[in-house]
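Okay, so here's the structure we're looking at.
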Amino acid sequence: MIAPRLRGALFVWLAASSAACGSGTEPNGGNGGTTTPLTPLTSVRLDTVGNGQLGVPGTALPTPLALYVLKNQAAVPKAIVTFAVASGSATVSPVTVTTDTSGRAATNVTLGATPGPVVITATVAGTDLTAVFTVGNGMTSGTANSACQSATPTTPAAGGVITDLTGTGICLGGGTSGAQYALVAFYGNPDSSQTANLTVRSTGGVTQIATASHAPAFNAGPTIANARLLATRTQSSFSAHLRDMARRELTPKIRAARLAAQRGASFTAIPANPTIGALVSLNAQGNDPCANPIMVTARVAAVSNTAIVVADTANPTGGFTNAEYTGFATMFDTLIGPLDIQTFGTPSDIDKNGKTIIFFTKEVNKLTPRGSNGVVGGFFFERDLFPTTSTSMLDGCPGSNYAEMYYSLVPDPNAVYSDARSKASVQQLTPGTLVHEFQHLINASRRIYVNNADHFEDTWLNEGLSHIAEELLYYRVSGLTPRQNITASVLGRSPAAVDAFNNYQSDNTGRYEAFLGKPNQTSVYADNDSLETRGATWNLLRYLADHRGSADADTWSRLVNTALTGQQNVANVFGSTYLTQIRDWATSVFADDLPGQTDARFSQPSWDYRDIFPQLVDGNMQGLLSYPLEVFPLSDTSPVTTSVFAGGAAYIRFSVPAGATASIDWSGGVGVGLPTLMRFTVVRSK
């Protein structure tokens, strides 16, 4: 479900629901019982997903109209919503709806015989709110070919791609044996808060493809033993919380912190070579940057060339031994540290000990609520890069540990602080989390103390780079390299290969799968830190690096070592045509590894996910058996009406019969022109 973007005491979020969000839900909530009393609403948000549908007179709109009643961003069940046709020719059913447990109420719309715009209102009982939907009753059900009236049909070969389409449609041929196509509608608005309505209709015998709910997969063989799809929202939600706090509360302190360092201010929490067993006091607070410290006594457990490992003295029993802590320090010396530093740059050294502190503490375990689907494996907190004391020129951060450091989960086999965590599970989780968070540390510290930036990196790009770090760790451990078009047989060639994938790349794959499930509702450069955005951004960055024509390390170093942020940073590294490159990436999401597809712009050189996904298993060990890109099926009798987020793409799939000429026509919502930044590409898949 799309997350609302408005903060307020109580508001209503309106949308037209689709199969991708809430499939199988009846229009009425079916809760029965008493209604939920509501105070007067003070703010409203109308989300135009599906608003502005066009339909054929006398037929039902393909997508119900729905709204969500929320209070303090929590669902309000059992609220009474009344739908009514304010003007135009249509009926709604049901008229009165009770919101379900998600706060959702929906109604179906059947258009009348008279063409023209239709205005439908939705009123929430006990409030003074009336929300408005506008739909169109005016499409014809005839067979006139709009695009084909002014153009001759185009029939590309299988695998062919037609891009830079202009006008309001394209005339396509079915060839001698019939053809299957996908229309890719990419909304290239750099403002990720924007959404465009889109209606696509066809004439000329266009039919739905039997498997049109997904893109075609060409390998549905047996699953690879234990190769898993992993990605949970627990870690990403907490990380988003940290990045948001840093941006909001710490950005104003950056210039003063840099000035203080330039003037020689320093504070050493832990010296370069502390004695094993020495005790230090550290703030382990993970929910407040500078206030409300949680002071913990920690014991120095291991010291290596580049790391100091400290352990909370109150960690639960069944934890790591000194030898095992030494193993983590050695891993940082030989694997994690060199990989991230060679790729992104050397971190600052504000505490003058030349090392990174790895802090194993039960306070990290406490960050994961019991029963969560996932776990916070660790974190880096920007606050530790700021001086603690305030001066006339510096607004200090009292909660800072003033050290380059990382906080890690600890074993808790008896579930004292959260769900049970075994040694083995923590050992498995820590490397990938650490390589991810060390990128954040390098990125933030260099921005403050090396690159002279006044802002932290935008969250979407910062997280994307950390997911690249995870991927690079997979390559390092597996012995593979980018641009090898890795297939299922390669990643599953041995138990060790499967372990490498599961430990270091399955999270990226799971996040990418989340994006594939809702590509039109995901902006690749949205600052929302969702799993879908993370998956899209990681895959986009990999695509852009693969097509840039220089070494990987140069690409990642340039993205980190700059004062620019977000899209300006991307444009500086990949060129002013970066939005066109993102459009081509969006096409590659469908076209990569299609038989007959030979244009390098639409390939993903490092991964063959069309081959990989069908052979993965989910958390329940059930085979995925498909390439899970969600598409909209199109036919002459079923037009597609949807919306596309800026930086997102809708994939519309259909078949043209042999010898036929089909018109594929697109438009915006009722009374609204299609944005000029909506860009269309056609791919023939068969």
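The values are calculated or read from the model by the stated rules, or taken from the named source; none is laboratory data. This one's a predicted model, so the numbers in the text were calculated from it and none came from an experiment. Positions of Cβ are generated from backbone atoms using ideal geometry, with glycine treated the same way; all protein chains shown enter the neighbour counts. Remember, those area values only see protein heavy atoms, side chains included, never the ligands or the DNA or RNA. Shrake-Rupley method; radii C 1.70, N 1.55, O 1.52, S 1.80 Å.
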**Asked** Which order, highest average first, do 413-422, 371-380 follow once you tally other Cβ atoms within 10 Å for each residue and take the mean per peptide?
**Response** 371-380, 413-422
**Complete:** With every protein chain in place, the accessible area of Arg679 for a 1.4 Å probe, in Å² rounded to the nearest 10, comes to 60 Å²
**Prompt:** Full extension from Val416 to Ser557: what is 0.36 nm times the residue separation minus their Cα-Cα distance, to one decimal in nm?
**Reply:** 46.6 nm
**Request:** Any chance you could look up the accessible area of Asp312 with a 1.4 Å probe, heavy atoms only, rounded to 10 Å²?
**Result:** 10 Å²
**Size of electric dipole in the chain: Cβ of Lys, Arg +1 and of Asp, Glu -1, about Cα centre, debye, nearest 20** = 400 debye
**Request:** Among DSSP beta bridges lying fully in the chain, give the percent that are antiparallel, nearest 5.
**Result:** 85 percent
**Message:** As a test of understanding, state the convex hull volume per residue of region 461-616 from its alpha carbons, in Å³.
**Reply:** 107 Å³
**Complete:** In nanometres, the difference between 0.36 nm per residue of separation and the alpha-carbon distance of Arg548 and Arg370 is 59.6 nm
**Message:** Net charge around Val435, counting only other residues with Cβ within less than 11 Å of its Cβ (Lys, Arg = +1; Asp, Glu = -1)?
**Reply:** -3
**Item:** Gyration tensor (alpha-carbon) shape descriptor, region 276-341, a/c threshold 1.5
**Value:** oblate
**Asked** Based on the inverse mean of 1/r over its pairs of different Cα atoms, what is the Kirkwood hydrodynamic radius of region 396-460, in Å?
**Response** 14.3 Å
**Request:** Would you mind checking which residues have amide H under 5 Å from Phe386's amide H? H placed 1.01 Å from N; only 5 or more apart, or other chain.
**Result:** Tyr402
**Request:** Output the Cα-based Rg and Dmax of the chain in Å, rounding Rg to one decimal and Dmax to a whole number.
**Result:** 27.1, 85
**Item:** Under 26 Å, Cα to Cα: Lys pairs in the chain, sequence gap 8 or more or different chains
**Value:** 7
**Request:** Determine, for each peptide in 429-438, 96-105, the mean count of other beta carbons within 10 angstrom over its residues, then list the peptides with the highest first.
**Result:** 429-438, 96-105
**Prompt:** What is the spread of the Cα atoms of region 495-574 along each of their three principal axes, largest first, in whole Å?
**Reply:** 40, 32, 20
**Asked** Once both labels are modelled 7 Å past Cα along the beta-carbon direction, what's the His241-Ser177 spacing in nm?
**Response** 5.7 nm
**Prompt:** Angle between the Cα long axis of helix 506-516 and the longest principal axis of the chain, 0 to 90 degrees, nearest 10?
**Reply:** 30 degrees
**Prompt:** When the Kirkwood radius is taken over all Cα pairs of region 331-479, what Stokes-Einstein diffusion coefficient follows at 37 °C and 0.692 mPa s, in µm²/s?
**Reply:** 200 µm²/s
**Item:** Unit Cα scatterers, Debye sum, region 546-639: log10 I(q)/I(0) for q = 0.20, 0.21, 0.22, 0.24 Å⁻¹
**Value:** -1.06, -1.09, -1.12, -1.19
**Request:** Tell me what the chain gives for mean residue ellipticity at 222 nm when only DSSP H runs of n ≥ 4 count, each as -39,500 (n - 2.57), the sum divided by the residue total, rounded to 500 deg cm²/dmol.
**Result:** -7500 deg cm²/dmol
**Request:** Using Cα centres only, tell me the gap between region 60-134 and region 254-332 in whole Å.
**Result:** 55 Å
**Item:** Label zone at Thr317 (point 7 Å along Cα-to-Cβ), backbone N below 14 Å, region 409-451
**Value:** 412-416
**Asked** By how many degrees, 0 to 90 and rounded to 10, does the Cα axis of helix 322-331 deviate from the longest principal axis of the chain?
**Response** 60 degrees
**Prompt:** Lys71 accessible area, nearest 10 Å², 1.4 Å probe?
**Reply:** 90 Å²
**Complete:** Other residues with Cβ under 14 Å from the Cβ of Leu198 give, with Lys and Arg +1 and Asp and Glu -1, a net charge of +1
**Prompt:** At 20 °C and 1.002 mPa s, what whole-number value in µm²/s does Stokes-Einstein give for the translational diffusion of region 622-686, with Rh from the Kirkwood sum over Cα pairs?
**Reply:** 149 µm²/s
**Prompt:** Which net charge results when you count Lys and Arg as +1 and Asp and Glu as -1 among the other residues whose beta-carbon is under 12 Å from that of Val310?
**Reply:** +1
**Item:** Ile294/Ser576 FRET efficiency (R0 60 Å; Cβ-Cβ; nearest 0.05)
**Value:** 0.80
**Request:** Could you tell me whether region 520-559 comes out rounded, prolate or oblate from its Cα gyration tensor? Rule is a ≥ b ≥ c as square roots of the eigenvalues, rounded for a/c under 1.5, then prolate if a/b exceeds b/c, otherwise oblate.
**Result:** prolate
**Message:** How would region 314-374 be classified by its alpha-carbon gyration tensor: rounded, prolate or oblate, with rounded meaning a/c under 1.5 and the a/b versus b/c comparison settling the rest?
**Reply:** prolate
**Request:** Could you work out how far helix 423-449 tilts from the main Cα principal axis of the chain, as a 0 to 90 degree angle to the nearest 10?
**Result:** 90 degrees
**Prompt:** For region 425-559, what % of the accessible area comes from carbon and sulfur atoms, probe 1.4 Å?
**Reply:** 46 percent
**Message:** How many angstrom lie between the Cα centre of region 548-570 and the Cα centre of region 150-186?
**Reply:** 36 Å
**Item:** Gyration tensor (Cα) of region 229-346, equivalent ellipsoid semi-axes in angstrom
**Value:** 26, 21, 19
**Built amide H within the under 5 Å cut-off of Gly169, gap 5+** = Trp666
**Complete:** Across all Cα atoms of region 447-501, Rg and the largest Cα-Cα distance (Dmax), in Å, are 16.0, 47
**Asked** How far is it, in nm, from the label point at Arg248 to the one at Thr481 when both lie 7 Å from their Cα along the line to the Cβ?
**Response** 4.5 nm
**Prompt:** Gap in Å between the Cα centre of region 623-647 and the Cα centre of region 403-417?
**Reply:** 42 Å
**Prompt:** Ignoring ligands, DNA and RNA, how do Leu367, Leu441 rank by accessible area with a 1.4 Å probe, largest first?
**Reply:** Leu367, Leu441
**Prompt:** Distance in nm between label sites at Ala113 and Asn305, each 7 Å beyond Cα in the beta-carbon direction?
**Reply:** 8.6 nm
